Each structure stands twice: as C-alpha cells, then as structure tokens.
Amino acid sequence: MSSTRPVGRLASEDTPQLLPPRSRLYPLEPVGLGTGGVESATSYVARLAIAHTVSTWSLLKCEIAPLLYGPDFVFRNRLSELVSAMGSAFNGENTTCRKVASILNSLTLRTDLLSLSMAFSRGFVSPRLLMRREQAWCPECLSKSKSEGGPTYWPLLWNLAAVRSCPKACAGCARESACGFPSSQSS
Ligand SMILES: [Zn+2]
C-alpha cells in the first residue's frame with residue numbers, strides 16, 4: 001500500500017462535496033402538471049402551507065407578501081388586499097400571477113409554477129372576466145380524492161368563469177347547493 005492518506009481519514013474529506021442548493025420551502029410536486037387537470041396556484045399555496053404545518057395566512061404573511069410588496073409593505077392593508085384578490089390574482093393572467101409564480105419558484109427552487117395559472121393564455125384570451133370571483137368546487141371530486149388517499153387540491157379549471165360545472169361532469173354539480181358552481185338552471 002503506497003497511499004499517503006493519513007490513517008482514518010475518509011476519501012470524501014480530500015475532495016469537498018458540493019451540496020445541491022437547498023430550497024427555503026419544500027419543492028412540492030404540483031398535481032396534474034402538464035394536464036388539463038392541473039391544480040391552481042392558490043391550491044398549491046394551500047398545500048404548501050399544509051406541508052409546512054402552518055396556515056395559508058402565515059405562509060402568505062411571512063414568505064410571500066414581503067417578497068411581493070417589499071419588506072416595508074404596509075402589513076394590514078396590502079395583505080388583506082392580497083387575500084381578497086388571491087384567486088383571480090394568483091390563478092389568472094396578470095402581472096401578479098407572474099410575480100407570485102416567480103416568488104414560489106424561488107422559494108421552492110422549482111421552475112414550473114407559472115403553469116398553475118392562466119399565464120399561458122396571454123395574447124389569445126382576454127384576461128378580463130376570465131376568472132370567477134367566487135370559489136367553486138366539486139364535492140364529489142374532493143371526496144373521491146380523499147377516499148383514494150390522494151391530495152386535496154383545487155384544479156385551475158374550477159377557477160374559470162366559463163366553467164359552469166365540474167369538467168368531469170360529476171352529478172353533484174347539477175345541484176346548486178352542493179358546490180360553488182352555478183346551477184344548470186341559472187346558466
Ligand atoms: Zn367533479
């Protein structure tokens with residue numbers, strides 16, 4: 001044996017190993033990425049909060065709002081503004097959705113989170129009246145996902161004003177009282 005390495009010294013000490021960059025938040029895999037059933041950006045934020053065992057409000061307040069508005073933002077007004085406009089602002093086709101996606105990408109070290117909004121429709125779909133103002137959901141899809149042990153998430157499609165019922169044509173969406181979609185009678 002002609003090695004000059006001191007006894008007990010590991011090979012890894014000779015060649016420092018570069019650690020891959022660490023993300024501040026979990027790089028949670030979006031549901032349905034690249035499909036028509038992709039989850040919305042607000043759904044992703046909610047699931048990201050759950051993954052960190054904090055409330056969505058806390059995640060917005062401590063991680064997203066300071067990057068969106070700057071460290072000296074007026075907390076009360078800007079944050080309530082953000083929350084009230086969150087659905088259309090995060091999921092739609094606008095400047096805010098791009099900023100939020102960029103912030104989420106930087107916090108998770110992902111590169112694909114703009115895909116959770118309607119940003120792709122820029123230039124060929126008018127952003128005006130694109131998103132619904134009230135939240136809608138399909139109870140059947142949610143309970144099915146839960147019973148199958150899958151993640152609870154809100155597809156981006158549920159946020160579109162033009163979508164009047166669950167795209168999977170679940171029976172529950174035919175009843176106005178069962179979900180946030182308008183009844184078939186009012187469409
Ligand atoms: Zn459904």
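Every read-out reported here was derived from the displayed coordinates using simple, explicitly stated rules and does not represent laboratory data. Bear in mind the structure is a predicted one, so any value in this text is a computation, not a measurement. Please note: Cβ atoms are built from the backbone with ideal geometry, for glycine as well, and neighbour counts cover all protein chains shown.
Summary of computed values
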quantity	calculated
Length added when fully stretched, Ser145-Phe120, from 0.36 nm per residue minus Cα-Cα	6.3 nm
Amide hydrogen neighbours beyond the local backbone of Met131, cut-off 5 Å, H modeled	Ala161
Among 154-165, 138-149, the order from most to least packed when residues are scored by Cβ within 10 Å on average	154-165, 138-149
Cross-link partners of Lys168 among lysines (Cα-Cα below 23 Å; sequence separation of 8 or more within a chain)	Lys144, Lys146
FRET E, pair Arg24, Thr152, Förster distance 22 Å, beta-carbon r, rounded to 0.05	0.40
Calculated FRET efficiency for the pair Thr35/Val83, C-beta based, R₀ 30 Å, to 0.05	0.60
Efficiency of FRET from Cβ geometry, Asp72 and Ala162, R₀ 35 Å, rounded to 0.05	0.35
Whichever lysines have a C-alpha closer than 17 Å to that of Lys61, once near sequence neighbours (fewer than 8 apart) are set aside	Lys99
